[in-house]
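As structure tokens, the structure follows; a few thoughts come after it.
Each value in this text was obtained by applying a stated rule to the coordinates, not by laboratory testing. Computed from a prediction, not measured in an experiment: that's the story for all the values here. Cβ placement follows ideal geometry from the backbone for every residue including glycine, while neighbour counts extend to all protein chains displayed.
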Amino acid sequence: MAVPETARASEAAAGRALRNGDILAGIMRSYLRIVALAFAVVAAGSTELAAQPCSQPDLSFLVSKVKAVQSQLLAYKLSDEIDEGVPPPLQSHIRAFKDAFAELGDAAVKCAHAVIDAKSLEGELAKLLDANKPAVDEVYDPKKPPQLDHIYGDFVDVKVTQPSNRPGLLLVDFRFDIACGFDSLLLGYEFDEGRWKRVLRWQSGDYDEIKDAFGDFFDYVVLPHKDKRDWLIAVAHGMPWCTSNMSGFKLDLIRPMDSQHAEKTLFRRELEYRRDVDPIMKALPNGFQLRMIGENIDPAIIMKTVFYRFVLNGDELERVQPVASNGRDFVDEWLQSPWSDAARWSAAENLEQLDTMQKHLMADNASMNSDDYPELNYGPVRSCPGSKSHFQVELDEEWVGPKADPTRKRTLYFQIEEGKNSFTMLSASTRPDPHCTGHDIMPAL
């Protein structure tokens, strides 16, 4: 039977469409194979890059650099037991020693994983450096001449920690002996983009006297700042010295370096302390506290316990109470503090009068000359009936010396109020409060 023309035409069109579809399908399959191959090549390249091992530096070589500089330091000979000077060649060796420690610290963490055992790393570094040896108590022998060499660079200590409030931060602390104290280098590392990056290197500059070393004591706490991704570090260090129990210490607030900022000191303060007892530094929720021994303005009392408690206020540290453990020590610390601090611990209605009195009294106390100078002595500390929190503290001022006026003396009466872990300076006068007739709660020994 003959096939109609229309049917043959439809059949031909269908065949052409089928053939065209096959061609398009083939093209699409080829395109997908090319795309898949491209992704495979990229993935293979990424896998290859990720699989490349970290190139660990030779720690033994870097340790040898540390020990080479150390031998130069150990060979330096002091002029005497209280040689506090640091000549330029010795400064150069100290600088090179810190540089070698920094190289070693960088290399030790270069290939470490994100999760790192701080104590294991500390043990490894201590073993390499022959560090962290127990202190040796020397028995004084008057017949034995003093040892004047093997002082600088001796007794290396290394400490590695991860702050609990910043687990992605690793702190490496190197210390070594200098005359009458030690010097320190603090390194900080953060894990970022698959590796540990150094974000902190805190150390002294060159110094020509040992008092400018970061030693005597060296403590630090990490402070959260603004949000959990940001942090600052507060570092406190004493000033080594050979001839006095009194010394100064410096307190610094440091912002670590990042991709946009260099390391920067945001806040610095210098204070005094006695070296009889080692200071204790502990972290607080929004700051820290340093507990140490301070000097009393009364030479018969000599010492007092001082609390240096600071909270973070923006990019600065603000001292807050408690500052002392009893009322008499509070008066003593109030008198010796900058007015910017003392004003916050004072009654608002008497600020002007208290400011004037504090400035005049402490200016007198600073007038130490051989002919005429003031001597300050605390008298009774009395409770004031009618208020369990009100106390009166007496302070006698008498001028002494070969040309002192024996009639030039006075007694000041400080009215203070005790609060919870704090005191407030209410007023100061040359007249006692007639209500404060209680017994002396702090009699002289």
For region 199-213, 3J(HN,Hα) per residue [Karplus equation, 6.51 cos²θ - 1.76 cosθ + 1.60, θ = phi - 60°, Hz, x = Gly/Pro]: 10, 8, 9, 10, 7, 6, x, 4, 9, 9, 9, 5, 4, 9, 6
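For the pair ASP372 and PHE155, what calculated FRET efficiency results from E = 1/(1 + (r/R0)^6), where r is the Cβ-Cβ distance and R0 = 41 Å, to the nearest 0.05?
Values: r = 47 Å, r/R0 = 1.15.
Efficiency, from the Cβ-Cβ distance: 0.30.
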Cysteines without a disulfide-compatible neighbour (Cβ-Cβ under 4.7 Å), the chain: none
To the nearest 20 Debye, how big is the dipole of region 302-445 about its Cα centre, given +1 on the beta carbon of each Lys and Arg and -1 on that of each Asp and Glu? 360 debye
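Does region 348-429 come out rounded, prolate or oblate by the C-alpha gyration tensor, with a ≥ b ≥ c the root eigenvalues, rounded set by a/c under 1.5 and, if not, prolate when a/b is larger than b/c and oblate if not?
On the way: a/c = 2.96, a/b = 1.99, b/c = 1.49.
Judged from the Cα gyration tensor, region 348-429 comes out prolate (a/c at least 1.5, a/b above b/c).
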Rounded to the nearest 500, what is the 222 nm mean residue ellipticity of the chain from helices alone, with -39500 (n - 2.57) per DSSP H run of 4+ residues and division by all residues? -9500 deg cm²/dmol
Kindly list the residues of region 377-400 that lie in the label zone of ALA300, defined by a backbone N under 16 Å from the point 7 Å along the Cα-to-C-beta vector. 377-382, 393-400
Spin-label proximity, LYS67 to region 132-170 - amide N less than 17 Å from point 7 Å beyond Cα toward beta carbon: 132-133, 153-158
In debye to the nearest 20, how big a dipole does region 64-172 give about its Cα centre with +1 on each Lys and Arg Cβ and -1 on each Asp and Glu Cβ? 420 debye
Listed by chain and number, the residues whose amide H is under 5 Å from that of SER346, excluding neighbours fewer than 5 places away on the same chain and using placed H, are MET425
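Of MET303, MET281, how do they rank once you tally other Cβ atoms within 10 Å and put the fewest first? Kindly include the intermediate steps, with their values, before the conclusion.
Working: MET303 14, MET281 18.
The order, fewest Cβ neighbours first, is MET303, MET281.
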In what order do TYR413, TYR220, TYR373 fall by count of nearby beta-carbon atoms within 10 Å, going from fewest to most? TYR373, TYR413, TYR220
Pseudo-spin-label distance ASP433 to ARG195, built 7 Å along Cα→Cβ, given in nm, is 6.6 nm
Which listed residue (PHE176, HIS261, PRO240) has the Cα farthest towards the positive end of the charge dipole for the chain, taking +1 on Lys and Arg C-beta and -1 on Asp and Glu C-beta about the Cα centre? HIS261
Backbone N under 17 Å from the THR243 label point (7 Å along Cα→Cβ), restricted to region 177-194: 179-181
Plugging the Cβ-Cβ distance of ASP364 and LEU59 into 1/(1 + (r/R0)^6) at R0 = 56 Å yields, to the nearest 0.05, a FRET efficiency of 0.40
If you place +1 on the Cβ of every Lys and Arg and -1 on the Cβ of every Asp and Glu, how big does the dipole about the Cα centre of the chain come out, in debye to the nearest 20? 2240 debye
Which whole-Hz couplings ³J(HN,Hα) result when phi for each residue of region 299-306 is put into the Karplus expression 6.51 cos²θ - 1.76 cosθ + 1.60, θ = phi - 60°, listed in order with x for Gly and Pro? x, 7, 8, 6, 10, 8, 8, 10
Just going by the charge dipole of region 348-429, with Lys and Arg at +1 and Asp and Glu at -1 on Cβ, which of PRO402, ASN377, ALA366 is farthest out on the positive end? ASN377
If each part is reduced to its alpha-carbon centroid, region 222-286 and region 93-115 end up apart, in Å, by 22 Å
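Please label the shape of the chain as rounded, prolate or oblate, based on the square roots a ≥ b ≥ c of the eigenvalues of the alpha-carbon gyration tensor (a/c under 1.5 means rounded; beyond that, a/b larger than b/c means prolate, else oblate).
Details: a/c = 4.29, a/b = 1.95, b/c = 2.20.
Oblate is the answer for the chain, as a/c is 1.5 or above yet b/c matches or exceeds a/b.
Can you check what the net charge comes to around ILE302, using other residues whose Cβ is under 14 Å from the Cβ of ILE302 (Lys, Arg +1; Asp, Glu -1)? Let's see the in-between values first.
Details: positive: ARG274, ARG275, LYS304, ARG328; negative: GLU272, ASP276, GLU295, ASP298, ASP329, ASP332, GLU375.
Neighbourhood net charge equals -3.
Would you check region 348-429 for Lys pairs whose C-alpha atoms are within less than 29 Å, ignoring same-chain pairs closer than 8 in sequence, and give me the count?
Details: LYS359/LYS403; LYS359/LYS409; LYS359/LYS420; LYS388/LYS420.
Value for region 348-429: 4.
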Sorted by Cβ neighbour density within 10 Å, fewest at the top, the residues ARG344, ARG268: ARG268, ARG344
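Give the calculated FRET efficiency between LEU148 and GLU124 to the nearest 0.05, with a Förster radius of 30 Å applied to their Cβ-Cβ distance.
On the way: r = 34 Å, r/R0 = 1.12.
With R0 = 30 Å, the Cβ-Cβ based efficiency is 0.35.
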